[in-house]
Amino acid sequence: MSKRKIAWIAVALVGLLSAAGLLWSMFGSDRLTFTAAELQSRLNQQLPRTVRDVTIERVDVALADNRLALRIAMQARVLQQPVSATVSARGVPRYAAQDAAMYFDADNIKIEQLAIAGRTVVGTEGGRIANTVRSTLQGVAESGIKAYLATRPVYRLKDDFKGMVLKAALVGVAIEQNALTVTFSLWSITVTTGMFVLCLIILVLAIVWLIRHPRWGLGVVDAVVNAP
């Protein structure tokens with residue numbers, strides 16, 4: 001294969017990559033938003049699931065006043081008693097740079113509804129055993145829920161070209177206007193766009209140079225063909 005053919009192939013590949021990157025940089029969004037329904041769907045994938053002796057059955061998500069509330073139905077076994085409970089928690093968004101994924105950390109976990117061996121316990125009723133179960137379940141629930149949320153990303157950046165650009169441009173994750181908002185730096189995206197433009201300019205110059213020098217790269221081929 002002649003140098004000229006190699007050059008044209010390289011020009012074509014760079015052109016395709018630059019054009020695709022430039023179009024995405026120009027028309028791509030500088031933020032991603034997720035509704036409560038979308039987040040709930042992601043958190044409920046592969047449920048029920050048992051983590052640290054706690055079976056997570058369902059996670060309900062509510063967004064209001066720029067806060068995210070989690071309501072988690074769970075089962076466990078505490079002090080040899082089968083226990084089911086509904087637990088409330090505040091969801092705190094967290095971006096893990098090492099695996100380019102967004103998670104929720106659970107904060108302010110509270111037991112709202114409790115049933116021991118199929119019997120619903122309200123308030124302080126149930127006596128000493130119920131109070132002991134409730135106290136023990138608090139720690140068990142916190143451990144299990146936090147462990148589950150730590151393994152269930154609500155969004156993961158793809159391991160491709162677009163994902164690489166987004167990783168470099170990501171500046172924050174927050175609850176805004178009753179939605180989870182992932183914000184990217186316009187400056188970083190602008191710099192990326194500039195790089196693609198520069199690549200396209202160099203590409204055009206290379207094409208013009210190849211057209212104006214039609215014999216470039218063919219000398220090696222001629223030398224091989226005409227060799228004694």
| request: Output yes when any residue across region 85-106 is on the phi > 0 side of the Ramachandran plot and part of a strand (DSSP E or B), and no when none is. | output: no
| message | With the requirement that a residue be in contact with a strand residue (DSSP E or B) (Cβ under 8 Å, 6 or more places away or on another chain) and over 15 Å from Arg67 (Cβ atoms), what does region 79-93 give you? | response | Gln81, Pro82, Val83, Ser84, Ala85, Thr86, Val87
| task | Look through region 66-91, keep the residues that are without any contact (Cβ under 8 Å) to a residue 24 or more places away in the chain and farther than 15 Å from Ala141 by Cα, and return whichever of them is surrounded by the fewest Cβ atoms within 10 Å (Cβ to Cβ). | result | Gln80
| Just to be sure, is Ser88 at pLDDT 90 or above and in contact with a Lys or Arg (Cβ under 8 Å, 6 or more places away or on another chain)? | yes
| Of the conditions (1) modelled with pLDDT under 90; (2) surrounded by 14 or more Cβ atoms within 10 Å (Cβ to Cβ); (3) under 30 Å from Val121 (Cβ atoms), Gly28 fails just one. Which one is it? | (3)
| message | Please determine whether any residue of region 129-137 is at pLDDT below 80 and surrounded by fewer than 15 Cβ atoms within 10 Å (Cβ to Cβ). | response | yes
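The values are calculated or read from the model by the stated rules, or taken from the named source; none is laboratory data. Note that this is a predicted model, so its numbers are computed, not measured. In this analysis, Cβ positions are derived from the backbone assuming ideal geometry, glycine residues included, and neighbour counts consider all displayed protein chains.
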